[in-house]
1. Pick from H45, H257, H122 the residue whose mean-square fluctuation is largest in a GNM of the chain, springs joining Cα atoms under 10 Å.
2. Counting only DSSP beta bridges with both residues in the stretch 5-110, tell me the antiparallel percent, nearest 5.
3. With no solvent and one point per C-alpha, what does the Debye sum give as log10 I(q)/I(0) for the stretch 296-347 at q = 0.13 Å⁻¹?
4. How many nm separate the modelled label positions at L289 and R275, each set 7 Å beyond the Cα in the direction of the Cβ?
5. Filter K177/K198; K31/K96; K73/K113; K24/K73 down to the pairs with a C-alpha to C-alpha distance above 21 Å, please.
6. Return the aspartates and glutamates within reach of K270: Cα separation strictly under 17 angstrom, same-chain partners fewer than 8 residues apart disregarded; answer none if there are no such residues.
7. Could you check which residue among L276, L250, L307 shows the biggest mean-square fluctuation in a GNM of the chain with a 10 Å Cα cutoff?
8. Would you mind calculating the gained length between M202 and K89 on full extension (0.36 nm times residue separation, minus the Cα-Cα distance), in nm to one decimal?
Amino acid sequence: MRIAYFIGLDIAKNNFQAFTADGKGREISNKKLSRNAMIQYFAQHPNAVVGIEACGTAHHWARTLTTLGHTVKLINPQRVKAFLGSRNKTDAADAKAICEALMHPGTTFIRAKSLEEQDIDHLLARRELLVQNRTQLVNQTRAFFSERGIVIPQGRHNFMKNLPQIIAEKWNEFSDKFQAILTDNYSDYRDLDEKIAKLDAMIKREATNTEPCKRLMQVSGIGPQTALALFAHVGNATHFKNGRQMSAYLGLTPREHSSGGKQRLLGITKRGNVRLRTLLLLGARAAILGIRRRKQGEDGQPARLSLLDKWVLGMVDRIGLFKAAVALANKVCRIAWALLARDEEFNQARLFRSAKAV
C-alpha cells in the first residue's frame, strides 16, 4: 500500500511543529501547533507515517499518536542533524529535516517503549541515582577525614568497616560542629543503603516474575538488573535482524576506520544505552571470575568446563581480562537476542555436549 502522507514532528513542552509531505516528498504544510491543537490536528488528519526525534517525551507521543491510528517512527537525533545541513536551526527547519530523515531509505529507527518497559527503566534509573548519591556521600566524608589526617582505604566496604573504629577513638577530639556533620552523613548513608536494598529486592522480584527475564538470567553474566535493563530497552528484540545487529546497537562492536582497502578496527563504538552496556560488561567480568574459580574447582580439583568457558579462558590468555570481558559481553548480548527473539530457553547442557565433542 502506497503511503500518502509523511509528517516530521518537532516536539517540545508546549509548542510543536509539524511538517507534512506527500508520498513523493513534496511539501504540503509546515504548521506550528500548541499542545492541545496538536492532539486535535492528528486526530483529524488522515493516517500517516510520523517521524519524531528520540528525545524526552518521544515515547509518550509515539504511544499517543499510535492510538490515533498513525504509524510512528523514532529517529536518532544525530541522523536528523545530517539533514538539517546549512539551514538555520528553527522549529520549522527541524520538522522538515525530521521528515526528510523519515523518508530516507537508509534511516534506522528506534523502537517505542511501552509503559511497562518505561516503568522498569525508571526503576533502574532510580537505583542508579541513589547509588551515585551514596558514593558521593562516602567520598565527601572520606575527604573530611583526610583534612584531619585520617586516611580511610578506598572502597565503600572499607569505609564502613573503619568508620565505627575511627568514631570510637577520635570522637572526643572532634568539635560539636563536626560531630553533627558526621551524625547527619551517617544517618543519610543508612537511609540510602536501606532504600537501595528495597529497590534491589523489588528488581529481583520483578525479574523473577517476568518470563523473558527468567530466561535471560539463565545465562552466566546476566543478573536481575541486566535482565530487566535488556527487557526494558530491546523488548522482544525482533526488530533486530540478528544478534550482531543488537550488539552493534548497544555499542559492543569495534569501531572501524578503514581506507584504501586496508581494514582498521579500533575500540568499541560505545553507542546506545550506557547503563545497559555497563551492566553487560560488569556481568562479563564477574562471569570470567566465576569461570576461573570453576577451573580451580573445590579442594584444588578442576571442575568440568563448557565450550564457552574454554573459549573465555583462551581469550583471557591471548588478549587480557578487560578485552576478554568485552568479547564475552558481546557474545552474551547475542545469546540474549536469541533467547528474546526466538522465545527460547538457554540450553546450558548444549555447551557441555559441544565441549565434549571438541
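1. Checking each option, the largest mean-square fluctuation is seen for H257.
2. Antiparallel bridges: around 60 percent, rounded to the nearest 5.
3. With no solvent term, the Cα-only Debye profile gives -0.44.
4. Result for the modelled spin labels: 2.3 nm.
5. Values: K177/K198 32 Å; K31/K96 11 Å; K73/K113 11 Å; K24/K73 18 Å.
Beyond 21 Å: K177/K198.
6. Once the sequence-local aspartates and glutamates are set aside, what remains near K270 is E256.
7. Looking only at L276, L250, L307, the largest GNM fluctuation is found for L307.
8. 36.3 nm
Rule-based calculations on the coordinates, nothing more; no lab input. Note that the structure is predicted; figures quoted are calculated from it, not measured. Heads up, the Cβs are rebuilt from the backbone with ideal geometry, glycines too, and the neighbour counts pull from every protein chain shown.
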